[in-house]
Amino acid sequence: MAKIYRTLQGRQVDIDKLRQKNELMPAVGNMKVNARGDELGPGGKIIRTREQIMAEYYENNPNATPDPDGKAKTEATATTMSSTSQTYVAPTQTLKVEDTPVSAVVKDVEPEVVKEEQVPVEQAEAKVVEKATEAVQKARSRRRGLSDATGE
């Protein structure tokens, strides 16, 4: 089950779905690969897939043996993983940024509207003046307390 996060603006973002939609986008950095690990050439074209790169690695390194599942994992993690683990399925087509609509990844949630009651301007001004007067009186009493404590 995918974990869905909620942004500060109340939108829900499905991170797993976002990863899947953008796995063919070029990764940030200078390695010239996409998020899956495929080697990219000019214009973002895939030169070698991740599977081809791994096959070449295992040909050049006879001591390294590939895992029969196609995933690299140690014996310790292999025994702790459940038998219901999901297997990776390679994408069947190349996606572009234009192919992924924002609505497929980010769901807009209607913000709750809080109705504020209308207050006449005179009442609002009176509240502000009252609060300002209280603040000034507190500041004056603090100054008097400081002068008494320091003897100045």
Legend entry - Odd one out for ILE47 among (1) assigned to a strand (DSSP E or B); (2) surrounded by 15 or more Cβ atoms within 10 Å (Cβ to Cβ); (3) of a type in the set (A, V, I, L, M, F, W, C): (2)
Legend entry - From the options GLN123, GLN118, GLN137, residue that is in a loop (DSSP other than H, G, I, E, B) and either in contact with a strand residue (DSSP E or B) (Cβ under 6 Å, 6 or more places away or on another chain) or at pLDDT 75 or above (or both): GLN118
Legend entry - Scope region 1-37; condition aliphatic (A, V, I, L, M), without any contact (Cβ under 8 Å) to a residue 40 or more places away in the chain and surrounded by 14 or more Cβ atoms within 10 Å (Cβ to Cβ); matching residues: ALA27, VAL33, ALA35
Legend entry - Failed item in (1) surrounded by 10 or more Cβ atoms within 10 Å (Cβ to Cβ); (2) at pLDDT below 65, with SER103 passing the rest: (1)
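The rows are residues; the columns are (1) in a helix (DSSP H, G or I); (2) within 29 Å of the chain's Cα centre (by Cα); (3) at pLDDT 90 or above; (4) among the β-branched types (Val, Ile, Thr).
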{"residue": "GLY43", "(1), (2), (3), (4)": "yes, yes, no, no"}
{"residue": "GLN52", "(1), (2), (3), (4)": "yes, no, yes, no"}
{"residue": "PRO62", "(1), (2), (3), (4)": "no, no, no, no"}
{"residue": "PRO66", "(1), (2), (3), (4)": "no, no, no, no"}
{"residue": "ALA72", "(1), (2), (3), (4)": "no, yes, no, no"}
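The values are calculated or read from the model by the stated rules, or taken from the named source; none is laboratory data. It should be emphasised that the depicted structure is a prediction, and the values quoted were computed from it without experimental measurement. Note that each Cβ is placed from the backbone with ideal geometry, even for glycine, and that neighbours are counted across all protein chains shown.
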